Amino acid sequence: MELKDYWRIIIQRGWIVVVAAVLTAGSAFLWSRIQAPEYRATAIVQVRADSLDFGKLQASKQILASFSQRIRSEETAFVVVDRLKLDLNPYEVLGNLAVSSDQNDLTIQIDATSNDPEVAGLIANGFAEEFIQVIEDSNTEQLREDQVLVDLLQRAGTGAQTGPNTRINTIAGAVLGILLGGVLVLLLELLDDTIKTKEDVERYVGREMLFLGQVPPK
C-alpha cells in the first residue's frame, strides 16, 4: 500500500477508531467511578538476630519463608477475625492479605487491603501481633540461645487508597479502543472489494485500462 492509501483509509474510516476509543475510555471511566475504593495498610515485623553470630543470622534468614506462611495460615486468619470481632469471612481476609519477606533486613511485610481504611490497618496489625504472640509463646519452651525474637518494627496506620485508579483505567480503555478500532478498520478494508474511484480500478485491474469517462460524485 502507498502512503496515499493509508491517508484514504484514515479519511474514510478514521472515525471508527475515534468512536471506539471514546466508548472504551468512557466505559473504563464509568466502571472505575462505580467501584468501591480500596485501601492498603502495611505492618512490618522484624526478626532480631545477633549480627556477630553468623550461624544465627543464616538461620533467621532461612526461617523467614516459613514465618511468612505461618502469618498467612488459616489458623491465624480465624484467630485475628475473632479477636478483632470482624464481620468478615477469614478466607476473604486472607484473599486480601499479602505477606513478603526481606532476607537482607530480616523483615516481614504484611499488607492488608480493605474497602475501609480503618479496617485495613486493624487487619495488618492484627496479623502482626498474633504472629508475635505465637513466637513469644513458643519461646517459653525454648532454651534462651534457641529463642527467636521478633518485634513490630512498623505499626500499620489508616490505610492509603490504592484503587481504583480512574486515570490509568481511562487511558488503558482508550488504548484498547484504538487497537480494537484499528483491527475493525483493517477487517473492513480487507473485506471491501468494491470499486469506487479511478485509483481503485488501477489497483484491481491495472494501469493499462483505458478510461473513457468518469461519473462525477453527487
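The values are calculated or read from the model by the stated rules, or taken from the named source; none is laboratory data. What you see is a predicted model; the values in this text were computed from it and never measured. Here the Cβ is made from the backbone with ideal geometry for all residues, glycine too, and neighbour counts use every protein chain on show.
Tabulated data for the structure shown
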read-out: Unique residue being within 11 Å of Ala43 (Cα to Cα) and part of a strand (DSSP E or B) when the list is Gln161, Gln109; value: Gln109
read-out: Residue among Ile123, Ile168 that is part of a helix (DSSP H, G or I) and surrounded by 14 or more Cβ atoms within 10 Å (Cβ to Cβ); value: Ile123
read-out: Only one of Glu136, Glu141 that is modelled with pLDDT under 95, surrounded by fewer than 16 Cβ atoms within 10 Å (Cβ to Cβ), in the same structural domain as Leu153 (by TED's automatic domain parsing) and not in a helix (DSSP H, G or I); value: Glu141
read-out: Qualifying residue in the stretch 28-35 (condition: in the same structural domain as Leu180 (by TED's automatic domain parsing), surrounded by 15 or more Cβ atoms within 10 Å (Cβ to Cβ), part of a helix (DSSP H, G or I) and modelled with pLDDT of 85 or more); value: yes
read-out: Selection from the stretch 131-157 of residues that are more than 17 Å from Leu106 (Cβ to Cβ) and of a type in the set (Val, Ile, Thr); value: Val134, Thr140
read-out: The stretch 123-138: number of residues that are of a type in the set (A, V, I, L, M, F, W, C) and more than 16 Å from Ala98 (Cβ to Cβ); value: 3
read-out: Candidates Ser101, Ser66, filtered to the one that is on the phi < 0 side of the Ramachandran plot, assigned by TED's automatic domain parsing to the domain that holds Ile44 and assigned to a helix (DSSP H, G or I); value: Ser66
read-out: Where a residue in the stretch 75-88 is more than 11 Å from Leu122 (Cβ to Cβ) and its partner, wherever it lies, is charged (D, E, K, R) and surrounded by 14 or more Cβ atoms within 10 Å (Cβ to Cβ), with Cβ under 6 Å and at least six apart; value: Thr76/Glu130; Val79/Glu130
